[in-house]
Amino acid sequence: KQDDAVILLGSDDLNDPIKGIKLAFDAVLKLVNSGLNIKVITFGRGSKKTGFQDKDYFITLGEIKDDNYLREIYSIADVFVLPSLQENYSNSLVESLACGTPVTGFNIGGNFELIRDGITGYIAKEITSESLSDVTQKVILKADKTSLREKCLNFSQNTHNSKLIGTKYLNLAKRFLS
């Protein structure tokens with residue numbers, strides 16, 4: 001339905017236990033049981049073997065190799081849920097923000113650098129499905145979703161544009177060579 005909130009879950013390999021997909025599925029069930037109208041889209045290896053295929057709110061896409069298609073998928077989502085239990089600097093997180101999609105996840109690895117509460121999404125206070133469900137619901141129920149999307153885009157453009165990154169690499173190289 002058009003008024004359903006779209007939750008996106010994706011990874012290179014959803015079968016990898018450190019990706020925390022079990023916590024994300026438990027969080028999704030809490031949202032469904034709370035009465036929220038949602039659709040869940042998954043992508044990546046293993047997304048067709050989630051055990052949720054028979055649920056009418058669940059759409060599995062499998063592996064996506066087309067960058068333009070992936071960009072479209074990120075862009076239609078209301079929130080990208082990143083349930084990783086270990087992560088350095090998630091490509092999926094960077095990609096989601098570049099498409100203007102807020103992210104919820106745990107305070108692990110580099111997530112705290114990119115997930116800014118109320119600006120680019122929300123960090124779960126604990127590594128539990130309840131906490132992940134709470135912050136995901138916060139994004140879904142946010143009144144001004146357009147503003148949140150704009151904040152994500154602005155943050156991404158101000159922190160991950162190629163000119164800025166090129167300048168940082170050039171300065172780093174100069175420091176090493178001097």
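The values are calculated or read from the model by the stated rules, or taken from the named source; none is laboratory data. Just so you know, these numbers come straight off a predicted model, no measurement behind them. Note that each Cβ is placed from the backbone with ideal geometry, even for glycine, and that neighbours are counted across all protein chains shown. Just so you know, the surface numbers come from the protein's heavy atoms only, side chains and all, with ligands and any DNA or RNA stripped out. Shrake-Rupley method; radii C 1.70, N 1.55, O 1.52, S 1.80 Å.
Would you tally the net charge around L148, using a Cβ to Cβ cut-off of less than 15 Å, leaving L148 out, and scoring K and R as +1, D and E as -1? Please report the intermediate quantities before stating the final value.
Values: positive: R116, K138, K142, K145, R149, K151; negative: D78, D117, D144, E150.
For residues surrounding L148, the net value is +2.
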Open item on the list: Under the rule of at least 5 residues apart or a separate chain, name every residue whose amide H is placed under 5 Å from the amide H of L85.
Closed with: K19, G20
Task: Proximal aspartates and glutamates to K142, defined as alpha-carbon separation beneath 17 angstrom and excluding residues fewer than eight positions away on the same chain - done: D3, D4, D78, D117, D134, E150
Open item on the list: So, for the chain, what is the accessible surface per residue at a probe of 1.4 Å, expressed in square angstrom?
Closed with: 54 Å²
Open item on the list: Leaving out ligands, DNA and RNA, and with a 1.4 Å probe, what % of the accessible surface on the chain is carbon or sulfur?
Closed with: 51 percent
TODO: Please grab the % of Cα pairs in the chain that end up more than 26 Å from each other.
DONE: 27 percent
Task: Built amide H within the under 5 Å cut-off of V103, gap 5+ - done: F80, G121, Y122
Open item on the list: Pairwise over distinct Cα atoms, reciprocal of the mean inverse distance: report the Kirkwood radius of segment 72-133 in Å, one decimal place.
Closed with: 11.4 Å
TODO: Indicate the helices, whole DSSP H runs only, in the chain that combine a mean Kyte-Doolittle hydropathy of 0.0 or more with a Cα extent along their long axis of 15 angstrom or more.
DONE: 21-33, 129-141, 162-177
TODO: Give me the distance in nm between label points sitting 7 Å out from Cα along the Cα-to-Cβ direction at D56 and V32, one decimal.
DONE: 1.2 nm
